[in-house]
Amino acid sequence: MKRFILIFVGLLCFTLLSALPAYSESLLQKAKSGDAEAQYYIGRAYYDGNGVKKDYNQAFRWFKTAAEQGNVNAQFYVGVYLANGYGLKRNYTQAVSWYKKAAMGGNRYAQNNLGWCYKYGKGVKQNYNEAFRWFKAAAKKGHLLAQSNLGWCYLYGMGVKENPKEAVRLFKMAAEQGYAGAQCDLGFCYELGIVVEPDYFKALYWATSAAEQGYLRAISILGPSSQQLIKKNYNKSSFWIKAAAEQGDAASQYNMGFLYDRAIGVKHDYNEAFWWFKNAAENNYFLAMYEVAWRYEQGIGTPKNASEALKWYRLADYETTKKFDSFCQEYNENYNLLKEYVSASLFDFIDNSVYLKWIKSAANKNFSNAQYILGCLNEDIDNKKNNKKAFKYYKKAAKNGNYFAQYRLANIYEYGRLNKNKNIFKAIYWYKKAAKCQRDWILYEFGRFYDSNSFILLHNKAINWFNAAAQKGNINAQMRLACLYENGDRVKQDFKEAYYWYLIAYRNGNKNAEQDVKRIENKLTDQQKQEVQARVNDWFKTHPKE
């Protein structure tokens, strides 16, 4: 029940030109004399073509001059140039530096963009708390995109306790003010029944409202489940899907394949369906890759070609791993959401068996991600029969080396899920298997397992796994190690080691660690602090931040 990708749009603030002075010789002379506000206005005049021919290079020159004198609006634009690579090499780290200056000065656009950088770890270590803080600051000042971004923070508990009701309120507030992104978000909520009652027509209303503003991803962004909207009202939706597909949007190309495959609003045409699926697949849309593979295998819309089928199944499996890995990294405090993402967001059309054809075909060929997906799709708290199937598919995928499935099996045995009794030894077995992939979130989870199961005598193993995860940059592991060393829990008390890990976590972007750093500093001599700080500097030399 999620859309897991926020679209970073609206980088630029579009102040009405009538509110800004146009280019003039008197304004230019004032700028040349060192007036920072005039320098910003000259920059905007060049940027907008207001009284002078557009010239982005000249605009940047004046923005930079004004920014260096402390003009917050100019500082924001310098950040925009650096973040987008307008006429210069893209540099998120420098962009964040300028966004921070502008954000601290109260510029709401910079506050929103800084929140985005923290949310996605662009130019700064990913930090949901900081993302929430800056989205909230911008939203309070009426920034519509920030209100939408803040809504997603509340919806998924990113930097704040989950509060779907507040999320929908924020989406609605921004949507009713005409912001296309929020209209799309609100449509998403109506489609899936988040807080509000499911209503496909309201979902379609808000999606098309966004599309009419040129937000062509408004329908496709809903993913495969937008097919419910298509089937119910294809006359309204197909125009926007086709427009987005023709502009290269992979999800819309996939949906165009769906239209031709099912003869919805168009003449039934397997060849045309295959053409659209192939376009989406070539745009790295992994669901379409499975479709293409299956159609090559079956000879539907294209001649049978076993080697091409195998090639696309392999590509699909590879892209699936990348997508799931990316998801786990982004939501590294909610690992089990991956199962919900697969079953509720990607494949909420499970009841229609036609969509399971290629998943089952790939699973039968021992492609482990397809087996893992089938496990997710069958998992159901209230259905023992389906849970039995889910467990079977998870085990097949796990035995084929799929670390998502191995982690899921470990989790099932640890907590006694899917009608399985708790079995700590089997949980350990599968955690060890999963940990071989060396993904930091799995290493941390293995440490958490040893740390939290009080009846296990080998608590010291938690330290080893936390250390392995911490060395790979996992902030949760770094904070837990610091806490254990500070309190002498599971390990000999060592304030220097606690200071070491608190300081690394803080410099990695965990601002909550600041008070811990200060507390531990009071327990160390100046020489001890200097020694640890030197070690931390050495650590960052071999673990550079993005």
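The values are calculated or read from the model by the stated rules, or taken from the named source; none is laboratory data. Keep in mind it's a predicted model, so treat the numbers as computed, not measured. Heads up, the Cβs are rebuilt from the backbone with ideal geometry, glycines too, and the neighbour counts pull from every protein chain shown.
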Report, by residue number, each residue of segment 508-534 that is under 26 Å from V96 (Cβ atoms), modelled with pLDDT of 90 or more and among the basic types (K, R). K518
Filter result for the condition that a residue is outside any loop (DSSP other than H, G, I, E, B), among the basic types (K, R) and in contact (Cβ under 8 Å) with a residue 60 or more places away in the chain, over K119, K100, K125: K119
Just wondering, is there one or more residues in segment 467-474 that are in contact (Cβ under 8 Å) with a residue 12 or more places away in the chain, under 25 Å from N129 (Cα atoms), out of contact with any helix residue (DSSP H, G or I) (no Cβ under 7 Å at 6 or more places or on another chain) and in a helix (DSSP H, G or I)? yes
Residue identified as at pLDDT 90 or above, surrounded by 24 or more Cβ atoms within 10 Å (Cβ to Cβ) and outside the structural domain of L524 (by TED's automatic domain parsing) among Y485, Y403, Y502, Y413: Y403
Please find, within segment 140-173, the residue that is surrounded by the fewest Cβ atoms within 10 Å (Cβ to Cβ) out of those that are closer than 23 Å to G121 by Cα and among the aromatic types (F, W, Y). Y156
So S307 passes all but one of these: (1) modelled with pLDDT of 80 or more; (2) of a type in the set (S, T, Y); (3) crowded, with 17+ Cβ neighbours inside 10 Å. Which condition number does it fail? (3)
Please find, within segment 76-97, the residue that is farthest from N57 (Cα to Cα) out of those that are of a type in the set (A, V, I, L, M, F, W, C) and in a helix (DSSP H, G or I). V96
For segment 23-58, which residues satisfy the criterion of being surrounded by fewer than 24 Cβ atoms within 10 Å (Cβ to Cβ) and either touching a Gly at 6+ places or on another chain (Cβ under 6 Å) or acidic (D, E) (or both)? Y23, E25, D35, E37, D48, D55, Y56, N57
So which of Y40, Y56 ends up being in contact with a helix residue (DSSP H, G or I) (Cβ under 6 Å, 6 or more places away or on another chain), hydroxyl-bearing (S, T, Y) and in the same structural domain as G121 (by TED's automatic domain parsing)? Y40
So K100 clears everything in (1) at pLDDT 95 or above; (2) buried (at least 24 other Cβ atoms within 10 Å of the Cβ); (3) under 30 Å from A31 (Cα atoms) except one condition, right? Which one? (2)
